[in-house]
Amino acid sequence: MQKLPITRSEPDEHGHWGKFGGRYVPETLVAPLEALTKEFSRARNDSDFWRELSQLLCDYCGRPTPLFHAQRLTAHAGGAQIYLKREDVLHTGAHKINNAMGQALLARRMGKRRIIAETGAGQHGVATATVCALFGMRCIIYMGAEDMRRQALNVFRMRLLGAEVVTVHAGARTLKDAINEALRDWVAHVHDTYYLLGSALGPHPYPLMVREFQRVIGREAREQILSATGKLPRVLIACVGGGSNAIGLFHPFISDESVRLIGVEAGGHGKSLGQHAARFHNGAASGGGRVGVLQGTMSYILQDESGQIPTTHSISAGLDYAAIGPEHAFLHDSGRAEYIYASDAEALEGFSVCAELEGIIPALESSHAIMPAIRIAHELPRHAAIVVNLSGRGDKDVQLVAELQTQ
């Protein structure tokens, strides 16, 4: 694939990055999405909005997060210096609070007091429940039954924060199905409800909006790595489900052609459809990973020969999704970013290695990036630097990992 030069990555006025993105929704949602687009545009140009958000991210959420030089992981790799961007130390334990806080402020500006959201791993649900508690808003979270089983701790946290958690039994009972139910709710309650979508996907303006709230990760990482080393990193690596933590890290570096951008998808436990969630890789050999429309946006989607969406699999609930955010699809096709995958077994290995060598227990989502980072670091000279986005902490996954180790 020919690599095309990119100096910026902005959608057109209709929310398209090239052919990806857009707004494919029922007529009922056109007006609320237009209203949201207009309000976000006004907020984006309002210095008072960003000042309040920055203050909350600092005083309430704990920004800036550290960029930690992982010296024992570096020694283990035997190559480039590995740095961890510590989104795991944020309030609620993941990067999701960056976006939830920004959208909650938007909802308040729009006079919406009933907030709905979907969640897979539970971190976005916890972040949404947290900001709703902070602002005194009613909160309803949709979550697949399978994800609720895997993430029982986060379900309890959401309810403790005052949220109503609705169990979704349809389909595979995971993230895609939770999004479907949240969209149905929004269609039925558009006048008083704000849909606080958790990743850089869905209909315009959500992919752009979520990216704008998450690129604080990359802005900080850029300043921090330049302060620590005096130069830009050779590689950025982040796990990719819908893609919000990855696009947040990547975006401030997109015009820096010397910096490799690498997203890591969920390779699951096999190459057949239903055994993974790798939209750019495994699925293509089995009729998946093709361009299509899912839940309001055009992107790469795992689908069978009839265009039906199969079940997906990942050991991590947050990466267990059939599509990827449209900006990632654009970066992939342009050649600016690379997308690889890590299996369940590699994620578990990364989880253990990071814990044992650095005393940091990463989320299983983030763990997908650890072993690829070690391999890539081994191939690079010692003076080079790699930044890994540690998007969340692994408290929520400890029980699941313990159960797997006893099997």
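Values in this text are rule-based calculations from the coordinates and carry no lab data. Keep in mind it's a predicted model, so treat the numbers as computed, not measured. With ideal geometry, Cβ positions are generated from the backbone for all residues, glycine too; neighbour counts draw on all protein chains shown.
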Can you check what the Kirkwood hydrodynamic radius comes to for the stretch 286-366, Cα pairs only, in Å to one decimal? 14.4
per DSSP, antiparallel bridges as share of beta bridges in the chain, % nearest 5, sits at 30
Going by how many other beta carbons lie within 10 Å of each one, how would you line up Cys58, Cys239, Cys132, fewest first? Cys58, Cys132, Cys239
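If we count other beta carbons within 10 Å of each Cβ, what is the order of Ser306, Ser299, Ser227, fewest first? Before the final figure, lay out the partial values.
Numbers: Ser306 6, Ser299 29, Ser227 9.
Arranged by neighbour count, lowest to highest, Ser306, Ser299, Ser227 become Ser306, Ser227, Ser299.
Please check the chain for the longest run free of GluC sites (Glu not before Pro) that are loop-located per DSSP (anything but H, G, I, E, B) and have at most 15 other Cβ atoms within 10 Å. Working shown, then result.
Working: sites that count: Glu13, Glu257, Glu305.
Within the chain, the longest run free of exposed GluC sites (Glu not before Pro) spans 14-256.
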By its C-alpha gyration tensor, with a ≥ b ≥ c as the square roots of the eigenvalues, how is the stretch 55-166 shaped: rounded for a/c under 1.5, else prolate for a/b larger than b/c, else oblate? oblate
In nm, to one decimal, how far is the Asp304 label point from the Arg382 one, both placed 7 Å along Cα→Cβ? 5.4
Checking the table Lys38/Lys85; Lys176/Lys271; Lys38/Lys96; Lys96/Lys396; Lys19/Lys396 against a 26 Å threshold on Cα-Cα, which pairs fail? Lys38/Lys85; Lys19/Lys396
What residues from the stretch 167-195 fall in the zone where the backbone N is under 16 Å from a label point 7 Å along the Cα-to-C-beta line of Arg138? 185-195
Which loop-located trypsin sites (Lys or Arg not before Pro) does the stretch 1-104 contain, where loop means any DSSP state but H, G, I, E or B and the Cβ has at most 12 other Cβ atoms within 10 Å? Lys3, Arg8
Karplus ³J(HN,Hα) for the stretch 182-195 (6.51 cos²θ - 1.76 cosθ + 1.60, θ = phi - 60°; Hz, whole; x = Gly/Pro) runs 5, 5, 4, 4, 4, 4, 7, 9, 5, 6, 10, 10, 10, 8
At a Förster radius of 22 Å, what calculated FRET efficiency corresponds to the Cβ-Cβ distance of Glu52 and His189, to the nearest 0.05? 0.25
If we count other beta carbons within 10 Å of each Cβ, what is the order of Asp88, Asp147, Asp48, fewest first? Asp48, Asp88, Asp147
Kindly provide the trypsin sites (Lys or Arg not before Pro) of the stretch 376-407 that DSSP labels as loop, not H, G, I, E or B, and whose Cβ sees at most 13 other Cβ atoms within 10 Å. Arg382
